[in-house]
Every structure is written in C-alpha cells, then in structure tokens.
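Everything below concerns the one structure shown next.
The values are calculated or read from the model by the stated rules, or taken from the named source; none is laboratory data. In this text the structure is predicted, and so the values were computed from the model without any measurement. All Cβ positions, even for glycine, are placed from backbone atoms using ideal geometry, and neighbour counts span all protein chains on display.
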Amino acid sequence: MLEVKDITFNVKGTQILNGISFQVAQGETVGIIGPNGSGKTTLFNCLSGFNIPNGGSITLKGHEVTVLPPYKRAALGLGRVFQNFGIFREMTCTENVVTALESRQPMWDSFFPWSKGNKTNRARALEFLKEVHLEKSCDKRASSLSGGQMRLLEIIRTLAFEAEVFLLDEPTAGVSPKMKEDVAGLIRRLKELGKTVLVIEHDINFIQKFCSRIIVLDIGRIVLDDTPDKVRQHSLLQEIYFGSTSGNGS
C-alpha cells in the first residue's frame, strides 16, 4: 500500500531525514514516535507532498508519488489529519462532511441546494456524523465544538473523502482524556474498515491500544521498528527519551 525507500530531506544544509525506509501493508496501523526534532512531521510532509524529498522514493498503491503535489496524492486515496485542526470552522459540521463528499463527485451533481445530489449528500453526511456522535451538532458551526470533537470531525471527514491511507499527526493534541478514548475508538473503526493508518503520537500507551507496530525515529533515522511490547522493552527507547547511558541499546 505504501512504500518509502531511502528518503532524505534537508533544509539549507541541515539534514532532517536521513535515509528513511519502510513499508506499510494495506489495513495495517502503524504508530510513529520519537523525541521532538526527530523528523516525524517532516516525514508526513514528504508523504503528503508538502515537502519534496531530496532523495529516495515514495510509492502509494503501486504509483510513484515522490514529486506529485498533495491534491494528486489525495486523489489516489491519501488523507491527512493535521496536528493543528484543519476543519472549516465557519462551516457547520454537516457542511464540512458534505464538502468532502462533493470533492469526489462531478460538480453539477449537487451544486444547487435543492438538487437531489445535495439532499443525498446531506443525508450521507448525517450518517458519518452519527459514527462520531456529532449528529446533534450537525447544524452547529465547527468552531463551537470541543477540541476532541473537532478531531473526530476531521477524521470522519477524511473518511467521507474516501481516503484509504490516513496520516494522523498527533490526533490527541489538545484533546481531553475522555475524548482520547473516542479518538482511539474511531481509529479502531478505521481498522475494521480495512483502512491503512499511520499515527504520529508521543503517548506510547495510547497508540499501543490499536497499533500492531511502532516505528521510532531519532535524528532523522529509524532506530526501532517492531511490536509495541518489544519497542517498550528496548533499552534504546529509554536512551533516546531520557538520555540513559546504561547499556548499548542492542
């Protein structure tokens, strides 16, 4: 589904990514962790087309997309949820989801508010909102939602966009503990639907609830790639985060 080969990226001589390679199979959910400055968000920027790598290649669903712009990657089924909320705050919850539905349809199918296509899209949008318990807020502006509800709306809107590969950049940032459980439940729902999910997170306890694999970045390199239990137990993880000098990390 997604293959990354020897990706490098630098800014004015400063190396941010240094030979990143990994594969993600269809339906797999992978957590990506690492200290601040390790290159996590830069990696997502390269995957989604906001940064063009200086070297290496990215293949999505058998198509090389290394230099493709973001909208062409989105057309191939790549969806991204940003750390800073990317919803349309002045639109209602329904309008946010309808916009995603319309982006996959010929413009004139639902252009007019009284058209059959528009009515169908609004009904479908309500079904998506029910998935995240936002149906009662369907006519409210997205700006009125809590941080956790905004995150749920953004993820479900990406699902309505028919994304097959989800890049979730710290989906629990600014989210209450209770809503974190709702976000985890929605990610598990994506797994049930066979979606491929990559999640950047700082909280390993959170991502191990739904990830079968964790990739650890440090200084622009992959230093660990294993099951959550093996990653947690590896001495190198403590060394990266806490600067332990005991052991050699092997």
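Just a few scattered comments:
- Residues considered: LEU78, LEU17. Of these, the only one that is of a type in the set (A, V, I, L, M, F, W, C), under 16 Å from LEU217 (Cβ atoms), crowded, with 18+ Cβ neighbours inside 10 Å and at pLDDT 95 or above is LEU17.
- Lone unmet requirement of (1) under 20 Å from CYS211 (Cβ atoms); (2) not in a loop (DSSP other than H, G, I, E, B) for TYR71: (1)
- Within the span defined as the range 139-160, every residue fails to be in contact with a helix residue (DSSP H, G or I) (Cβ under 6 Å, 6 or more places away or on another chain) and either hydroxyl-bearing (Ser, Thr, Tyr) or at pLDDT below 90 (or both).
- Search result, residues across the range 44-56 that are outside any helix (DSSP H, G or I) and crowded, with 18+ Cβ neighbours inside 10 Å: GLY49, ASN51, PRO53
- Cβ-Cβ contacts under 7 Å between residues 6 or more apart (or on different chains), taken from a first residue in the range 13-24 that is in contact (Cβ under 8 Å) with a residue 12 or more places away in the chain to a second residue that is of a type in the set (Phe, Trp, Tyr) and in a strand (DSSP E or B), are listed as ILE16/PHE9; LEU17/PHE9.
- Candidates GLU95, GLU64, GLU90: the one that is among the acidic types (Asp, Glu) and surrounded by 14 or more Cβ atoms within 10 Å (Cβ to Cβ) is GLU95.
- Only one entry of THR41, THR59, THR8 meets the criterion of being outside any loop (DSSP other than H, G, I, E, B), of a type outside the set (A, V, I, L, M) and modelled with pLDDT under 95, and that entry is THR41.
- Filter result for the condition that a residue is closer than 19 Å to ILE200 by Cα, modelled with pLDDT under 90 and outside any helix (DSSP H, G or I), over PHE85, PHE111: PHE85
- Taken together, VAL216, VAL165, VAL197 contain a single residue that is closer than 28 Å to ILE20 by Cα, modelled with pLDDT of 90 or more and in contact with a Phe, Trp or Tyr (Cβ under 6 Å, 6 or more places away or on another chain), which is VAL197.
- Pairs where the first residue, in the range 157-171, is on the phi > 0 side of the Ramachandran plot and the second is among the small types (Gly, Ala, Ser), C-beta under 6 Å, 6+ apart: none
- The residues in the range 172-185 that are out of contact with any Lys or Arg (no Cβ under 9 Å at 6 or more places or on another chain) and touching a residue at least 24 places away in the same chain (Cβ under 8 Å) can be counted, and the count is 3.
- Failed criterion for SER176 (all others in (1) surrounded by 14 or more Cβ atoms within 10 Å (Cβ to Cβ); (2) within 18 Å of ILE200 (Cα to Cα) hold): (1)
- Pairs where the first residue, in the range 34-51, is over 14 Å from LEU78 (Cα atoms) and the second is of a type in the set (Asp, Glu), C-beta under 6 Å, 6+ apart: GLY34/ASP218; SER38/ASP218
- Scanning the range 172-182 for residues that are touching a Gly at 6+ places or on another chain (Cβ under 7 Å) and at negative phi yields a total of 4.
- Condition broken by ASP139, with the remaining ones in (1) surrounded by fewer than 22 Cβ atoms within 10 Å (Cβ to Cβ); (2) out of contact with any Ser or Thr (no Cβ under 6 Å at 6 or more places or on another chain) satisfied: (2)
- Exclusive hit being within 24 Å of GLY77 (Cα to Cα), basic (Lys, Arg) and within 14 Å of the chain's Cα centre (by Cα), set ARG157, ARG122: ARG157
- The range 52-74, subset within 16 Å of the chain's Cα centre (by Cα) and not charged (D, E, K, R), residue nearest to PHE9 (Cα to Cα): PRO70
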